[in-house]
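So the structure is just underneath, and the comments pick up after that.
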Amino acid sequence: MTAAKKAAPAAKKRPAARKTSARAPRTLDEFMALAVVMEIEAAERYAEFADAMEMCNNLEVAALFRKMADIEGKHSSQLMAEMGWREPPALPAGRATWDGFEAPETAPIDEVHYLMQPYHALQLALASEQRAEAFFGRLARAATVATVKKAARELEAEEHEHVELVRAWMAKVPKPDSDWATDPDPPSYTD
């Protein structure tokens, strides 16, 4: 298998945003509950990635994922504080919120590789932030309640800022060599 075919799942071509079939939330509380849950899920996934990278002794990428988890966690705390919530709210029962099983900002679990480099981690973050930006944009366009429309536009703009920050961050780290996934001492499996 060539190095190009072994490219990190982060390098796969994925749509920048998942379409959502969900209706726009009917209240600001319902909308902000979606936003908080998205941020919490993203933070949890990045923490899982950090744990996995630590187990593989890929400490540089683990530290980057921990930092990303911290950023997402702070964002969820900020949104909860704005709403005066002490605990994360539950999503409304029986209402579709987004397509698939995970929130748009949650990086897919199968997109890590034990030899991935910081650039790959940032590719995952960029795709996640782009999906979140598009999600809030669609909700803003679909919203019929002024407070929901305004909040969705604000979060869309905030996610756009995150996209630009990640792009700037990516410009500061080296791009991986084409043979980055070559392991001179691959794991061996025994029965």
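The values are calculated or read from the model by the stated rules, or taken from the named source; none is laboratory data. Fair warning: this is a prediction, and the values are worked out from it, not measured in the lab. Backbone-built Cβ (ideal geometry, glycine too); neighbour counts: all protein chains shown. All accessible areas refer to the heavy atoms of the entire protein, side chains included, with ligands and DNA or RNA removed. Shrake-Rupley method; radii C 1.70, N 1.55, O 1.52, S 1.80 Å.
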Connecting every pair of Cα atoms under 10 Å apart in the chain and solving the GNM, the largest mean-square fluctuation among 35, 43, 90 falls on 90
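To the nearest 20 Debye, how big is the dipole of the stretch 25-74 about its Cα centre, given +1 on the beta carbon of each Lys and Arg and -1 on that of each Asp and Glu?
That gives the stretch 25-74 a dipole magnitude of about 120 debye.
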No solvent, one uniform scatterer per C-alpha: report log10 I(q)/I(0) for the chain via the Debye equation at q = 0.11, 0.18 1/Å, two decimals.
-0.52, -1.18
When the charge dipole of the stretch 31-77 is computed with +1 on Lys and Arg Cβ and -1 on Asp and Glu Cβ about the Cα centre, the Cα farthest towards its positive end, among 37, 53, 75, belongs to 75
Which value does Rg/Rh take for the stretch 108-180 over its C-alpha atoms, Rh per Kirkwood?
1.14
Carbon/sulfur accessible area of the chain, % of total, 1.4 Å probe, equals 55 percent
Between residue 154 and residue 93, what is the FRET efficiency for a Förster distance of 22 Å, r being their Cβ-Cβ separation, to the nearest 0.05?
0.25
Tell me, what is the per residue accessible area of the chain in Å², probe radius 1.4 Å?
56 Å²
Can you tell me the 0 to 90 degree angle between the C-alpha axis of helix 59-83 and the longest principal axis of the chain, rounded to 10?
0 degrees
Helix-only estimate, please: 222 nm mean residue ellipticity of the chain, summing -39500 (n - 2.57) across DSSP H runs of length 4 or more and dividing by its residues, to the nearest 500.
-19500 deg cm²/dmol
Let me check against my output: what whole-number percent is the relative contact order of the chain, with C-alpha pairs under 8 Å and at least 6 apart?
32 percent
Members of 150/172; 67/150; 150/175; 149/172 lying beyond 32 Å, as alpha-carbon distances in this model show:
150/172; 150/175; 149/172
In the Gaussian network model of the chain, springs joining C-alpha atoms below 10 Å, which of 142, 42, 132 carries the largest mean-square fluctuation?
142
Between 107, 146, 47, which gets the highest mean-square fluctuation from a Gaussian network model of the chain, Cα cutoff 10 Å?
146
Dipole magnitude of the stretch 38-191 about its Cα centre, charges +1 at Lys/Arg Cβ and -1 at Asp/Glu Cβ only, in debye to the nearest 20?
860 debye
